[in-house]
Structures are given as C-alpha cells and as structure tokens.
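In what follows, a single structure is set out as structure tokens and then discussed.
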Amino acid sequence: MQSSNDTLARVDSALRSHPHLRRVLVQSRQQDDRVILCGHVDSYYQKQMAQEALRNIPGIVIIENQLQVDYQIAE
C-alpha cells in the first residue's frame, strides 16, 4: 500500500495538471483508502472533472467529493 504522502502528491499533481482545473483551489486529504476533496469550483463540470482526474490513481478506492460549486450567473 502506498503512503498517504505519495497518494496525496499524485492527487495534487493530477488536479494541477488537469486542463479544466488549473485555476481552482482544491484541497485533498486521505483517510485510509478514501480521498476527500474540499474547496470551491465554478461549475458542476469542474466538480466532476476533479473526481474523474483521480479515478485511476493507485491506492484510492473511494473518492468523497465535497467540492462546493460557486455558480454565478453572468449579468
């Protein structure tokens, strides 16, 4: 099993390198085989993309997506 630091480093790298997530601040933490995402994104699409970016990282069985969507209507 990978260490928590290794897994979180891969999570952070995946989130930072994803083309739709480069400008959002997503925090992650790990509890056993679960990664929890926290923070704010601009759309439900970004929320889903954050989860999908982690889908194939070894050692993650459950992704708990607690990201909040700060949806703003353009005036």
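The values are calculated or read from the model by the stated rules, or taken from the named source; none is laboratory data. Because the structure is a prediction, the values reported are computed rather than measured. Backbone-built Cβ (ideal geometry, glycine too); neighbour counts: all protein chains shown.
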- request: Please tell me if residue 67 is in contact with an Asp or Glu (Cβ under 9 Å, 6 or more places away or on another chain) and either hydroxyl-bearing (Ser, Thr, Tyr) or at pLDDT 95 or above (or both).
  value: no
- line: Of the residues in region 58-73 that are out of contact with any helix residue (DSSP H, G or I) (no Cβ under 9 Å at 6 or more places or on another chain) and of a type outside the set (A, V, I, L, M), the one that is nearest to residue 36 (Cα to Cα) is 64
message: Restricting to region 11-36, name every residue that is more than 18 Å from residue 71 (Cα to Cα), buried (at least 18 other Cβ atoms within 10 Å of the Cβ) and not polar (S, T, N, Q).
response: 11, 14, 15, 35
query: Can you find a residue in region 46-55 that is surrounded by 12 or more Cβ atoms within 10 Å (Cβ to Cβ), among the polar types (S, T, N, Q) and touching a His at 6+ places or on another chain (Cβ under 9 Å)?
result: yes
